[in-house]
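The values are calculated or read from the model by the stated rules, or taken from the named source; none is laboratory data. In this text, all values refer to a predicted model and were calculated from it rather than measured experimentally. Cβ placement follows ideal geometry from the backbone for every residue including glycine, while neighbour counts extend to all protein chains displayed. Ligands, DNA and RNA are excluded from the accessible area calculation, which covers all protein heavy atoms including side chains. Shrake-Rupley method; radii C 1.70, N 1.55, O 1.52, S 1.80 Å.
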Amino acid sequence: MTAEARTAVVTGASSGIGAATARALAAAGYRVVLTARRKDRIEALAAELPGARAHALDVTDRAAVDAFASSLDRCDVLVNNAGGAYGAEPVATGDPADWRAMYEVNVLGVLHMTQALLPPLTASGDGTVVVLSSTAGHGTYEGGGGYVAAKHGAHVLAETLRLELCGEPVRVIEVAPGMVKTDEFATTRFRGDTTKAAKVYEGVEQPLSAEDVADTITWAITRPAHVNVDLLVVRPRAQASNTKVHRTT
């Protein structure tokens, strides 16, 4: 099957890494289906991409996910990108509602989409599931408890799914980015406080961009069918770990 005939579903495609990944996969010849809650944004993006379609979707709504899955004529690639971080309080004062919301989108959202689309992914004879986790899913840091817990959950989901699908024609790829500067991630985490958001990247000359991560995801997807990139950690050169970052100021 040529890439031109293949369909790739990208969740959280209204901005950031999701939008960049949709563009990169479309450029690689995939028929892209963009999903996100913000219908206007994905419709505008779909209009730019040949053969693309947009479908407003909240990945935490299982009934809506199932309805979406039934509307597809095929699915060869699923990019589980929808996610997010809410708050940076320590465990002692973290809001349980934030923790619950992060678990819902980062873990259960991935579960809903993967369960709903596994049948067509398997039927394609060469399916790929991508779970966009984070370096937060592989190491802890202060103030990150809820997000770290959720991304650890996404990592474990991907790892377990790979074991369970061994022998089936479906690859499971996990891409774990480190510091990525996008328009919304840090601002959302700090509840719209742009000053706090800017401090995350202060003095870092070249954090990763959404396009850097999208290029990584697309590279992993477009490897030959027998090649599975189990886990790909990608960080900017200035970041050695979640807690060690070179800053010029």
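Tabulated results
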{"item": "Relative contact order (%) - the stretch 1-69, alpha-carbon pairs under 8 angstrom, separation at least six", "result": "27 percent"}
{"item": "Whether the stretch 1-86 is rounded, prolate or oblate, judged on the alpha carbon gyration tensor where a/c under 1.5 counts as rounded", "result": "oblate"}
{"item": "Cα gyration tensor category, rounded, prolate or oblate, for the stretch 167-218 with a/c compared to 1.5", "result": "prolate"}
{"item": "Carbon and sulfur %, accessible surface of the stretch 162-249 computed with the full protein complex present, 1.4 Å", "result": "51 percent"}
{"item": "Cα-centre dipole for the stretch 121-249 with unit charges at Cβ (Lys and Arg positive, Asp and Glu negative), debye to 20", "result": "420 debye"}
{"item": "Positive-end extreme of charge dipole, the stretch 34-126 - chosen from PRO90, HIS112, ALA67 (charges on Cβ)", "result": "ALA67"}
{"item": "Listed residue (VAL227, THR135, GLY167) projecting farthest to the positive dipole end of the chain, Cβ model", "result": "THR135"}
{"item": "Gaussian network model of the chain, springs between alpha carbon atoms under 10 Å - residue of ASP215, ASP230, ASP193 with greatest fluctuation", "result": "ASP193"}
{"item": "Spatially near lysine pairs across the chain, Cα under 23 Å, sequence gap of 8 or more or different chains", "result": "9"}
{"item": "Assigned charges on the beta-carbon of Lys, Arg, Asp, Glu; the chain dipole about Cα centre (debye)", "result": "300 debye"}
{"item": "Ranked by how many other beta carbons lie within 10 Å on average, peptides 172-185, 93-106 from highest", "result": "172-185, 93-106"}
{"item": "Accessible solvent surface per residue of the chain, calculated while the other protein chains remain in place, 1.4 angstrom probe, Å²", "result": "46 Å²"}
{"item": "With every protein chain in place, the stretch 112-152: carbon and sulfur % of accessible area (1.4 Å)", "result": "53 percent"}
{"item": "Positive-end residue of LEU34, ALA123, ALA214, charge dipole of the chain with Cβ unit charges", "result": "ALA214"}
{"item": "By average C-beta atoms within 10 angstrom, highest first, the peptides 32-42, 160-170, 73-83", "result": "73-83, 32-42, 160-170"}
